[in-house]
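A.B. asks: Got a structure for you, written out below as structure tokens; questions coming shortly.
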Amino acid sequence: MMQVETSYLGTVKSSEDDILLFAGGLPGFLEEKEFVLLPFEQSHFFLLQSVHSKHLAFICADPFVFWDDYEVKLDDASVEQLAVQEEEEVAIFVILTIEQPFSATTANLRAPIIINSKNKRAKQVMLDAYKFSPKTALSKAASKERC
Amino acid sequence: MLVLSRKTTETICIGDEVEVTILSVEGDQVKLGISAPRTVDVHRKEVYEAIQKENKTAAKPVSLEVLQAFIEHSTNQKPGS
């Protein structure tokens, strides 16, 4: 076991096996290659926390809870980089930008976080699909599902 | 910046493994074919920059109170919760 310092959840115990390896970092944070994904209890939200930088964390969501029509077509390069063999191995999250009022909060559907849950390789992938915006309103998705 | 003139169907090589071919030129639009190893990601620059910017905005810390209120607010909107 190891300890991960976080701003939002205090010090969290995590297994080294749970470390996600972003071999190329994330755009804007290329030097940050190791993260853990920590769930916020009883919610559809997660914290993508840098293992080495306490103050670097992204609030993420499960996109399929909020957007029925969301889909990710993984390009061949990403499939190879993550060594994906089965579709079932792949977990997908999107990064949120929390704004106030909360109705202004957006999700980056254009560049989802792709995780191979089997080997823990991960990557932020830029989709070719222009229909998904890096600033997709979360409030519309939530209210749509409520109806 | 290195400047090279190329005609349609002509190619430039970058290192041993990256090739960029001019496929067509129509007006101010140039269609490029890029072949690169799968370890090399190829992006449209403006898309890459937009994602970079969005990541930096998303990484700005919010206070714990705001985060908790956000999760409560957004979770309460879900059916059955």
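A.B. asks: Condition test on residue A:113, is it closer than 21 Å to residue A:37 by Cα, open to solvent by less than 50 Å² (accessible area, probe 1.4 Å), in contact (Cβ under 8 Å) with a residue 60 or more places away in the chain and more than 10 Å from every other protein chain (Cβ to nearest Cβ)?
C.D. replies: The answer is yes for residue A:113.
A.B. asks: Go through region A:121-135 and report how many residues are more than 11 Å from chain B (Cβ to nearest Cβ) and either modelled with pLDDT of 95 or more or touching a helix residue (DSSP H, G or I) at 6+ places or on another chain (Cβ under 6 Å) (or both).
C.D. replies: 2
A.B. asks: Restricting the search to region A:56-77, which residues are within 8 Å of chain B (Cβ to nearest Cβ) and at pLDDT below 95?
C.D. replies: Those that are within 8 Å of chain B (Cβ to nearest Cβ) and at pLDDT below 95: A:65, A:76, A:77.
A.B. asks: Okay, next question. How many residues does region A:1-19 contain that are touching an Asp or Glu at 6+ places or on another chain (Cβ under 7 Å) and buried (at least 17 other Cβ atoms within 10 Å of the Cβ)?
C.D. replies: 1
A.B. asks: Counting only residues that are without any contact (Cβ under 8 Å) to a residue 12 or more places away in the chain and either open to solvent by 30 Å² or more (accessible area, probe 1.4 Å) or in contact with a strand residue (DSSP E or B) (Cβ under 6 Å, 6 or more places away or on another chain) (or both), how many does region A:38-50 have?
C.D. replies: So the answer is 3.
One line per residue, one yes/no per condition, for (1) among the basic types (Lys, Arg); (2) touching a Lys or Arg at 6+ places or on another chain (Cβ under 9 Å); (3) modelled with pLDDT under 90:
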{"site": "A:91", "(1), (2), (3)": "no, no, no"}
{"site": "A:117", "(1), (2), (3)": "no, no, no"}
{"site": "A:139", "(1), (2), (3)": "no, no, yes"}
{"site": "A:144", "(1), (2), (3)": "yes, no, yes"}
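A.B. asks: Filter region B:35-66 for residues that are among the hydroxyl-bearing types (Ser, Thr, Tyr) and surrounded by 11 or more Cβ atoms within 10 Å (Cβ to Cβ) and give the result.
C.D. replies: Once the filter is applied, which keeps residues that are among the hydroxyl-bearing types (Ser, Thr, Tyr) and surrounded by 11 or more Cβ atoms within 10 Å (Cβ to Cβ), region B:35-66 yields B:35, B:39, B:48, B:57.
A.B. asks: Looking at (1) without any contact (Cβ under 8 Å) to a residue 60 or more places away in the chain; (2) not in a helix (DSSP H, G or I), which is the one condition that is false for residue A:132?
C.D. replies: Failed condition: (1).
A.B. asks: Considering only region A:63-78, state which residues are more than 30 Å from residue B:75 (Cβ to Cβ) and open to solvent by 50 Å² or more (accessible area, probe 1.4 Å).
C.D. replies: Those that are more than 30 Å from residue B:75 (Cβ to Cβ) and open to solvent by 50 Å² or more (accessible area, probe 1.4 Å): A:75, A:76.
Residues are listed down the side, and each one gets a yes or a no for (1) among the polar types (S, T, N, Q); (2) closer than 30 Å to residue A:139 by Cβ; (3) free of Cβ contacts under 8 Å to residues at least 24 places away in the same chain; (4) open to solvent by 10 Å² or more (accessible area, probe 1.4 Å):
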{"residue": "A:28", "(1), (2), (3), (4)": "no, yes, yes, yes"}
{"residue": "A:36", "(1), (2), (3), (4)": "no, yes, no, no"}
{"residue": "A:52", "(1), (2), (3), (4)": "no, no, yes, yes"}
{"residue": "A:61", "(1), (2), (3), (4)": "no, yes, no, no"}
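A.B. asks: State which residue is least open to solvent (accessible area, probe 1.4 Å) when the search covers only region B:1-28 and only residues that are assigned to a strand (DSSP E or B) and over 22 Å from residue B:41 (Cα atoms).
C.D. replies: So the residue we want is B:24.
A.B. asks: Of the residues that sit in region A:98-110 and are in contact (Cβ under 8 Å) with a residue 12 or more places away in the chain and more than 19 Å from residue A:130 (Cα to Cα), which one is farthest from the other protein chains (Cβ to nearest Cβ)?
C.D. replies: In this case the residue turns out to be A:104.
A.B. asks: For region A:41-55, which residues satisfy the criterion of being facing chain B (nearest Cβ under 8 Å) and not in a strand (DSSP E or B)?
C.D. replies: Correct list: A:42, A:43, A:44, A:55.
The values are calculated or read from the model by the stated rules, or taken from the named source; none is laboratory data. Owing to the predicted nature of the structure, the values given are computational and were not obtained by experimental measurement. With ideal geometry, Cβ positions are generated from the backbone for all residues, glycine too; neighbour counts draw on all protein chains shown. Keep in mind that these areas ignore ligands, DNA and RNA; they rest on the heavy atoms of the full protein, side chains included. Shrake-Rupley method; radii C 1.70, N 1.55, O 1.52, S 1.80 Å.
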